[in-house]
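Data first, discussion second: the structure below is written as structure tokens.
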Amino acid sequence: ACIAESFERIHRSNLIGMGILPLVFKPGENAGTHQLTGHETFDIVGIAGGVKPGQDVTVKVTRESGDSFSFAVTCRVDTPVEADYYAHDGVLPRALRTILKQK
């Protein structure tokens, strides 16, 4: 996953195409407001069964000290087609699976 304040259209689309989940902070939130340093471990909660366009998901953060907290983000998979690409780990794996099913 990639968490940002926003994404340019092409960058968001490219992430999905590569099987990376684009997530955006809620308005008024960012890495600074959550005091993120880049030394944390992140767990994305609630997506094991797939993603739906625009759904909110929970990010559980565990700091090096072992302390943890959670915050909500918005999933920027915007269409059912993008959700399908993400479910197949990206555009290329999806295309290969489609070809293999046809044989």
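Pull out all pairs, ordered by first then second residue, where Cβ-Cβ is under 9 Å, the residues are six or more apart or on different chains, the first lies in the stretch 12-28 and is in a loop (DSSP other than H, G, I, E, B), and the second is among the polar types (S, T, N, Q). Sorted first by the residue in the stretch 12-28, then by its partner, the pairs are I20/N14; K26/T74.
Looking at the structure I just gave you, is K60 touching a helix residue (DSSP H, G or I) at 6+ places or on another chain (Cβ under 7 Å), free of Cβ contacts under 8 Å to residues at least 60 places away in the same chain and open to solvent by 40 Å² or more (accessible area, probe 1.4 Å)? No: the conditions fail for K60.
As a summary of the residue check, C75 satisfies the conditions (1) open to solvent by 40 Å² or more (accessible area, probe 1.4 Å); (2) touching a residue at least 24 places away in the same chain (Cβ under 8 Å); (3) under 16 Å from S6 (Cβ atoms) except for the one numbered (1). Being of a type in the set (A, V, I, L, M, F, W, C), at pLDDT 95 or above and more than 14 Å from the chain's Cα centre (by Cα) is a description that applies to F69.
For the subset of the stretch 16-33 comprising residues that are of a type in the set (V, I, T) and within 12 Å of G90 (Cα to Cα), which member is most open to solvent (accessible area, probe 1.4 Å)? I'd like the intermediate steps shown before the answer.
Going through the stretch 16-33, the residues of a type in the set (V, I, T) turn out to be 16, 20, 24, 33.
Applying the additional criterion that residues be within 12 Å of G90 (Cα to Cα) yields 16, 20.
On the way: I16: 3, I20: 57 Å².
It comes out as I20.
The values are calculated or read from the model by the stated rules, or taken from the named source; none is laboratory data. Predicted, not measured: the structure shown is a model, and the values here were computed from it. Note: ideal-geometry Cβ built from the backbone for every residue, glycine included; neighbour counts use all protein chains shown. We work out accessible area using only protein heavy atoms, side chains counted, and drop any ligands, DNA or RNA first. Shrake-Rupley method; radii C 1.70, N 1.55, O 1.52, S 1.80 Å.
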